[in-house]
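This report concerns only the one structure given below.
Just so you know, all these numbers are worked out from the coordinates, no wet-lab data involved. Remember, predicted model here, so these are calculated numbers, not experimental data. Glycine also receives a Cβ, built like all others from the backbone with ideal geometry; neighbour counts cover every protein chain displayed.
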Amino acid sequence: MLEDNIPEIRTDIPHSARIWNYWMGGKDNYEVDRLAGDAGVQVDPEIGTMAVESRQFLVRAVRYVAGEAGVRQFLDIGTGLPTMQNTHEVAQSVAPDSKIVYVDNDPMVLTHARALLTNTTPEGVTSYVDCDYHRPEQIIADARNVLNFTQPIGVMFMGVLGHAHTYDDLRRIVSTVMDAVPSGSYLTMWDGTTDSQAYVTLCANYAKTGGAPYIPRPREEIRAVFDGLEMVPPGFVSITQWQATDAEGNEPKPISAYGAVARKP
């Protein structure tokens with residue numbers, strides 16, 4: 001599944017996965033990414049919080065799907081750079097026999113996947129598909145080599161669908177994958193919204209750097225991706241508020257990143 005001919009990694013153009021890694025406190029980034037990341041924080045001071053909270057949402061969601069829902073297979077599409085508490089680590093800590101297939105097509109992500117996306121348990125399986133998510137049929141075909149599509153699968157799109165070329169592409173990508181998985185599967189998805197003008201401006205500025213554009217979308221458009229699925233409480237909310245409370249037991253403050261976990265009936 002991993003290609004030997006990896007394209008040259010550009011270090012002169014900022015890259016969203018590396019900038020996100022920087023905002024999360026990781027070290028897999030270059031000076032150009034750190035400069036872009038610092039400039040982004042000046043435009044949208046909330047972006048660092050979004051990066052950190054997105055990983056906490058992933059952890060809570062995977063624990064739910066692997067634990068309470070009992071799912072043993074995960075398809076994490078657009079995984080990005082491995083950091084801390086990756087999907088396989090969380091799932092296999094709950095259910096050691098979990099199988100995880102990561103999907104990305106970025107050369108830097110691919111390089112790190114070879115080294116870091118490895119099993120944490122003897123019973124588990126961790127694999128990687130090199131594919132652009134605009135080709136969901138190919139993702140499904142490759143994932144079938146590892147996952148059993150007659151059993152429930154946890155499908156994940158974690159803050160990546162803003163790179164979809166159009167909203168119609170976004171809906172097509174998600175629906176193609178969800179149509180391929182059986183009843184009892186789950187969709188976990190979040191994305192940045194247009195609620196924050198600062199975030200919208202940040203994304204527009206990033207596109208001017210030569211990086212692949214990231215398109216924030218209205219909350220209603222992201223919510224519509226879950227049509228036909230059964231929402232897990234508390235439903236479609238800010239990622240800071242999905243099954244989360246602060247140290248005092250209160251509901252955390254929302255940010256301009258919304259998502260949900262939902263079951264395919």
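Here are some notes:
- Distance from the C-alpha centroid of the range 200-228 to that of the range 38-64: 15 Å, rounded to the whole angstrom.
- Between 239, 173, 47, the GNM of the chain built on Cα springs shorter than 10 angstrom shows 173 fluctuating the most.
- The sum of -39500 (n - 2.57) across all DSSP H runs of n ≥ 4, divided by the residue count of the chain, sets its helix-only mean residue ellipticity at 222 nm to -11500 deg cm²/dmol.
- Ordering 88, 112 from the fewest to the most neighbouring beta carbons within 10 Å gives 112, 88.
- Span-like helix ranges in the chain, DSSP H, alpha carbon extent 15 angstrom or more, Kyte mean at least 0.0: 31-43, 47-66, 197-208
- Relative contact order computed over the range 16-245 (Cα-Cα under 8 Å; 6+ residues apart), in percent: 18
- For the range 7-55, the dipole from Cβ point charges (+1 on Lys and Arg, -1 on Asp and Glu) about the Cα centre works out to 140 debye, to the nearest 20.
- The chain: most fluctuating residue of 189, 156, 24 per GNM, C-alpha cutoff 10 Å: 24
- The alpha carbon centroids of the range 93-119 and the range 125-166 are separated by 12 Å.
- Ordering 165, 134, 15 from the fewest to the most neighbouring beta carbons within 10 Å gives 165, 134, 15.
- A simple charge model with +1 on the Cβ of Lys and Arg, -1 on the Cβ of Asp and Glu and nothing else charged puts the dipole of the chain at about 320 debye relative to its Cα centre.
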